[in-house]
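The values are calculated or read from the model by the stated rules, or taken from the named source; none is laboratory data. All values derive from a computational prediction rather than experimental measurement. When we count neighbours, we look across all protein chains shown, and the Cβ atoms used for this are built from the backbone with ideal geometry, even at glycine.
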Ligand code: UTP
């Protein structure tokens, strides 16, 4: 099975759930303690073997591009104060992979954003990491998908059971267990009405697709919310070749929502090597006041 060497990170969405900050700071650049979300995603893709990573951006998202560039002024200042480790770490982030940028000129949905990656992907299988979904795991979720791709030979999606009463906000998969942590998927629906729900398994943040998705996306009309939905195109894949859903190991944070952003910061802050211990002490005292 072909190794996965390319990844696409759609990060062009307007982030209306994170207004007003998202008007001037891309939600993908909001910090988890001291690193933007996009930094974690690139690290995950690289850890899973990606060498070429395309980030789909849009107007007002220049900060994402700047993050992966050298910072000569900072380096001069840090050199003068002998903080060479910090320079090395910043250069490491810039050299993780070949990171490319492309603008989605109109925010017509996740499926439309993925379609802009068509010529970059050419004939290769590839990962998609949703730009506002951070997943903290022992094994990168993309690697977990690559293992399932190797085993079952079909495009894969990362899934989790979501509370039944919230399935309408996500998508619902028609899926049967393979007897491990994976499922065989034959159909799916985005934002289902109550009588359209198959299961409470929903796709969260990571997929591994083959390039035939592009022909399907080109034929996909706008769906839920008037946007071109990636789920509508993956539905065709599920119905024809089938897909494998992987109930992944890891904690997922929706950084496109205020609550997800806050939760991620608290949970990651207590583990942080520099401030974790002090923050933990603060939290213990703070909780007593609630
Ligand atoms: P979301 O639906 O969570 O992003 O898309 P959004 O549209 O920015 O969110 P709200 O509802 O307005 O708050 C999942 C991912 O797809 C990207 C987003 O940046 C996010 O990372 N996306 C979405 C695009 O790249 N282009 C789009 O047209 C829509």
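Below is a table of values for the structure above.
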{"quantity": "Scope the stretch 65-111; condition on the phi > 0 side of the Ramachandran plot and within 16 Å of the ligand (Cβ to nearest atom); matching residues", "calculated": "109"}
{"quantity": "Output for the stretch 22-81, where each listed residue is within 30 Å of residue 149 (Cα to Cα) and more than 16 Å from the chain's Cα centre (by Cα)", "calculated": "51, 68"}
{"quantity": "Residues of the stretch 14-38 satisfying the condition of being in a helix (DSSP H, G or I) and either buried (at least 16 other Cβ atoms within 10 Å of the Cβ) or touching a strand residue (DSSP E or B) at 6+ places or on another chain (Cβ under 7 Å) (or both)", "calculated": "17, 18, 22, 27, 28, 29, 37, 38"}
{"quantity": "Cβ-Cβ under 6 Å pairs, at least 6 apart or on other chains, the stretch 90-110 side modelled with pLDDT of 95 or more, far side part of a helix (DSSP H, G or I) and near the ligand (Cβ under 10 Å from one of its atoms)", "calculated": "104/113; 110/230"}
{"quantity": "Segments classed as helices (runs of 4 or more DSSP H), wholly inside the stretch 57-164, with at least 3 members that are surrounded by 15 or more Cβ atoms within 10 Å (Cβ to Cβ) and touching a helix residue (DSSP H, G or I) at 6+ places or on another chain (Cβ under 6 Å)", "calculated": "110-115"}
{"quantity": "Among residues of the stretch 248-262, those that are away from the ligand (no atom under 13 Å from the Cβ) and touching a strand residue (DSSP E or B) at 6+ places or on another chain (Cβ under 9 Å), counted", "calculated": "3"}
{"quantity": "So residue 118, is it under 28 Å from residue 261 (Cβ atoms) and within 16 Å of the ligand (Cβ to nearest atom)", "calculated": "no"}
{"quantity": "So residue 50, is it touching a residue at least 12 places away in the same chain (Cβ under 8 Å), within 16 Å of the ligand (Cβ to nearest atom) and under 21 Å from residue 113 (Cα atoms)", "calculated": "no"}
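Results for (1) in contact with a strand residue (DSSP E or B) (Cβ under 7 Å, 6 or more places away or on another chain); (2) modelled with pLDDT of 95 or more; (3) closer than 23 Å to residue 18 by Cα, shown as yes or no for each residue.
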{"site": "211", "(1), (2), (3)": "no, yes, no"}
{"site": "236", "(1), (2), (3)": "no, yes, no"}
{"site": "246", "(1), (2), (3)": "yes, yes, no"}
{"site": "269", "(1), (2), (3)": "no, yes, yes"}
{"site": "275", "(1), (2), (3)": "no, yes, no"}
{"site": "278", "(1), (2), (3)": "no, yes, no"}
